[in-house]
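Everything below concerns the one structure shown next.
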Amino acid sequence: MEIMQQQVADRPGRPWYRHYWVWLVMLPPFGSIVAGFTLLFHALASPNPLVVDDYSRIVRYTEQRLERDREAVRLGVTAELDIRTSERGTEVAVLVAPLSVPMDGLQLRFVHPTLDTLDQAAALLPDGAGGWIGQLPMPVAGRYYLQLAPAGVSWRLAGEWQGERSVVLRPPDLVAIDVR
């Protein structure tokens, strides 16, 4: 018995890297390092497009937008959009009322709420029956903000689209947002 205990004591132990519990203990810190570098890479590779630092430009743009909204209220403009999405793209038919509203051409913008790379615009052309028609280059799906304005940008209608086939755009209630 004494000889066996002597042999066990004389046998050299395994090196530290041969013990599984060492690797088990080091796994969470290594995982944290890999996850941290991955997050850092993604943060640096895709900056947030929502951060804006020129506040005076924002104020000027907001005032211009309100003036276009006020003009749409004054003219009593409304628009009904018929939106059909297919593999070829998105076709839009627009009927603007009243027909006496001055416009040389119409521009319809689909603005994605968070990703500016998904924004699209269509120049609408008269269809001969009192309406306007246009085609977006890519299909749209999900939620978008809509902006309809004439070529002269004298008035503007805005709304939200969430995949429905028909949308009615009306001027906003300016009493609630008037800053004057």
- Task: Over the residues of the stretch 55-177, compute the C-alpha Rg and express it relative to 2.2 N^0.38 Å.
- Result: 1.04
- Query: How much FRET efficiency would the formula 1/(1 + (r/R0)^6) give for Tyr145 and Trp16, where r is the Cβ-Cβ distance and R0 is 45 Å, rounded to 0.05?
  - Reply: 0.15
- Label zone at Glu164, where the point sits 7 Å out along the Cα-to-Cβ direction: the stretch 118-147 residues whose backbone N lies under 15 Å: 142-146
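Values in this text are rule-based calculations from the coordinates and carry no lab data. This one's a predicted model, so the numbers in the text were calculated from it and none came from an experiment. Using ideal geometry, Cβ is built from the backbone for each residue, glycine included, and neighbour counts are taken over all protein chains shown.
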